[in-house]
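Read the structure below first, then the notes.
Throughout, read-outs are computed from the coordinates displayed, never taken from laboratory work. Remember, it's a predicted structure, so these values are computed and weren't measured experimentally. Methodologically, a virtual Cβ is constructed for each residue, glycine included, from the backbone with ideal geometry; neighbour enumeration extends over all protein chains shown.
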Amino acid sequence: MRGVFLDADEEMARIFVEVRKPDDPPIWVNRQPRVPPEDLPRLLSGYEFALVDHSALPLAMLVSCPRLQHIIFLGTGARSYMDPEALAAHGIRVHTIKGYGDTAVAEHTIALMWAAARGIARMDQAVRGGEWLRVPGMQLTGKTLGLIGFGGIAAEVARLALGSGMRVLAWNRSPKSFAGVAFVPLDVLLAESHVVSLHLLLTEETRGFLNAARIRAMRPGAILVNTARGALVDEAAMLRALQDGHLRHAALDVYAHEPLPQDHPLVRMENVTLSAHSGFLTPEANATLLRRALDIARTLTVHKGLG
């Protein structure tokens with residue numbers, strides 16, 4: 001089986017070379033981040049599988065690629081770029097990769113939480129502009145962190161938060177346990193948490209999960225952190241809660257529309273800290289991600305009888 005890394009930027013291409021093994025299946029690396037849909041038929045033609053990072057894959061553009069059987073998406077959020085069920089019905093299986101960046105995203109979550117609590121971004125911008133702005137902060141030691149969803153990333157966040165002296169609550173759709181974490185009903189978590197952090201996968205069931213009613217059920221003056229998916233939150237309701245002070249601050253790495261438009265209301269708000277969907281972005285996490293992608297490709301090749 002032959003494959004293509006469809007949309008490698010320079011850093012991912014460099015790491016790909018480092019983690020590749022001599023007996024991995026042949027993979028051509030296309031150094032073109034975010035391939036336009038109209039280029040897909042040309043670039044995917046003749047390949048049985050493709051590694052895909054952040055390019056949209058509309059089915060209409062893949063129907064002219066009869067050899068394509070597998071898409072190995074570099075992450076978990078494939079639905080943001082393609083329709084896995086529609087592709088499967090057309091004979092193209094989508095593979096995703098979990099757990100590769102748990103520590104990286106957890107550290108980013110904690111960083112956003114602390115930055116929000118202490119007004120770091122606002123003070124940084126002011127000092128650079130010549131203003132000696134001092135923002136009163138929230139001391140987090142002894143405060144309560146609520147984790148909505150409890151997979152590998154949330155477990156790492158809990159470990160770090162517990163180590164910094166926070167009380168940690170969690171809610172998950174299926175039963176879980178973790179030393180030092182109290183699993184509670186969602187309404188209890190929302191009412192008691194000084195910081196609420198989202199860690200759900202985006203599905204049709206979780207889209208808009210943190211709706212207006214749940215945002216209003218949060219503790220007044222709470223901080224909202226989202227390093228999962230922007231579509232988990234009712235954005236309009238979040239904006240209203242930030243504007244009227246029900247939410248003290250939102251610290252966001254993900255958005256309903258990415259890149260975040262320059263004229264978006266979030267850009268102009270002082271009680272918001274923004275990063276560019278980069279929680280997972282460390283060399284260590286990317287090395288793990290690409291190695292696992294190559295392992296999937298090896299497995300596909302062996303099962304095809306050509307390994």
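Brief remarks on what is shown
- Here the stretch 102-274 is treated with +1 on each Lys and Arg Cβ and -1 on each Asp and Glu Cβ, and its dipole about the Cα centre works out to around 480 debye.
- About its Cα centre, the stretch 175-307 has a charge dipole of approximately 360 debye under the convention of +1 per Lys or Arg Cβ and -1 per Asp or Glu Cβ, with nothing else charged.
- Dipole magnitude for the stretch 74-197: about 160 debye, using +1 per Lys or Arg Cβ and -1 per Asp or Glu Cβ, origin at the Cα centre.
- Loop-resident sites, the stretch 72-140, for trypsin sites (Lys or Arg not before Pro), counting at most 16 other Cβ within 10 Å (DSSP): K98, R134
- Distance from the Cα centroid of the stretch 215-237 to that of the stretch 131-191 is 14 Å (rounded to whole angstrom).
- Length-normalised contact order for the chain - Cα pairs under 8 Å, 6+ apart - percent: 17 percent
- Here's the picture: charge each Lys and Arg Cβ at +1 and each Asp and Glu Cβ at -1 in the stretch 140-259, and of N172, Y255, A231 the one pushed furthest to the positive end of that dipole is N172.
- Separation of the stretch 244-283 from the stretch 43-74 is 31 Å, based on Cα centroids.
- Order of I153, I296 under a 10 Å beta carbon neighbour criterion, fewest first: I296, I153
- Averaging the sequence gap over all C-alpha pairs within less than 8 Å and six or more residues apart, then dividing by the number of residues, gives the stretch 1-134 a relative contact order of 19 percent.
- Order of V35, V195 under a 10 Å beta carbon neighbour criterion, fewest first: V35, V195
- Neighbour counting of Cβ atoms within 10 Å sorts the residues S174, S55, fewest neighbours leading, into S174, S55.
- Checking every one of the GluC sites (Glu not before Pro) in the stretch 28-137 against DSSP loop status and a limit of 12 other Cβ atoms within 10 Å picks out E131.
- The structure shown yields semi-axes √(5λ) of the Cα gyration tensor in Å, and of the options (i) 46, 22, 16; (ii) 38, 21, 19; (iii) 34, 24, 17 that calculated value carries the label (ii).
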